[in-house]
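The values are calculated or read from the model by the stated rules, or taken from the named source; none is laboratory data. A quick note: this is a predicted structure, and the numbers were derived from the prediction, not measured. A quick note on method: Cβ atoms are made from the backbone with ideal geometry, for glycine too, and the neighbour counts reach across all protein chains shown.
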Amino acid sequence: MAYQRQEYNKYRVKSSVKSFRDLEVYRQTTLLSSEIFKLILEIKKNKKDKCLLDEFEILYSLSKMAPKLVAESYGDRFSSNELAFGKLEQAMRVIANVVAKIDFIVEVLEDNEVKELLNKILAKYQKQRVKINNLRRAWLGVCQDRGGFERKNK
């Protein structure tokens, strides 16, 4: 048997994705968006870096778009593969904009604790961008192998 190694014996197939809420990239981007929201609340509470509040608001509005686009692409893949792939690519562009905005804020920010937290969020967003691209490639593979997700009329 090919899988005699101990770590493969513990492997279990994950359950199928029943909705967009089961997608890891959706959950993670939603979590990251909530972390940014918590940062905004903290900055409003503190007196430091209040001049950057508008930039944080822009960052938060950008961060909310990524999970929304992932959810929309999941729904669109059953009606139009092109639209679904387009929304995943748009989500990757939004994440690139989030990364650029975080870079700007980190350069201007004075509070080292917030800088450190933003750098951690930045690294997580970069990982999510890669995972969205992997999801797009996986969906593309299914489209090529099975002719797509679209429902066929009988």
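The residue pairs whose first member lies in segment 67-86 and is within 27 Å of ILE36 (Cβ to Cβ) and touching a residue at least 60 places away in the same chain (Cβ under 8 Å), whose second member is surrounded by fewer than 18 Cβ atoms within 10 Å (Cβ to Cβ) and of a type in the set (Phe, Trp, Tyr), and whose beta carbons are closer than 6 Å, counting only pairs six or more residues apart or on different chains, do not exist in this structure. Annotation note: of ASN119, ASN97, ASN134, the sole residue that is in contact (Cβ under 8 Å) with a residue 12 or more places away in the chain, over 11 Å from the mean Cα position of the chain (by Cα), within 19 Å of GLN28 (Cβ to Cβ) and loosely packed, with under 14 Cβ neighbours inside 10 Å is ASN119.
Take the residues in segment 54-74 that are more than 11 Å from THR30 (Cα to Cα) and among the charged types (D, E, K, R), then tell me which one is surrounded by the most Cβ atoms within 10 Å (Cβ to Cβ). For segment 54-74, the residue satisfying everything is GLU72. Tell me which of these GLU110 doesn't satisfy, since it passes every other one: (1) exposed (fewer than 14 other Cβ atoms within 10 Å of the Cβ); (2) in a helix (DSSP H, G or I); (3) of a type outside the set (Lys, Arg). Result: GLU110 fails condition (2) only.
Scanning segment 22-45 for residues that are farther than 19 Å from LEU122 by Cβ and touching a residue at least 12 places away in the same chain (Cβ under 8 Å) returns LEU23, TYR26. Would you confirm whether or not segment 78-98 contains a residue that is modelled with pLDDT under 95 and within 30 Å of ILE43 (Cβ to Cβ)? The answer is no, given that none of the residues of segment 78-98 is modelled with pLDDT under 95 and within 30 Å of ILE43 (Cβ to Cβ).
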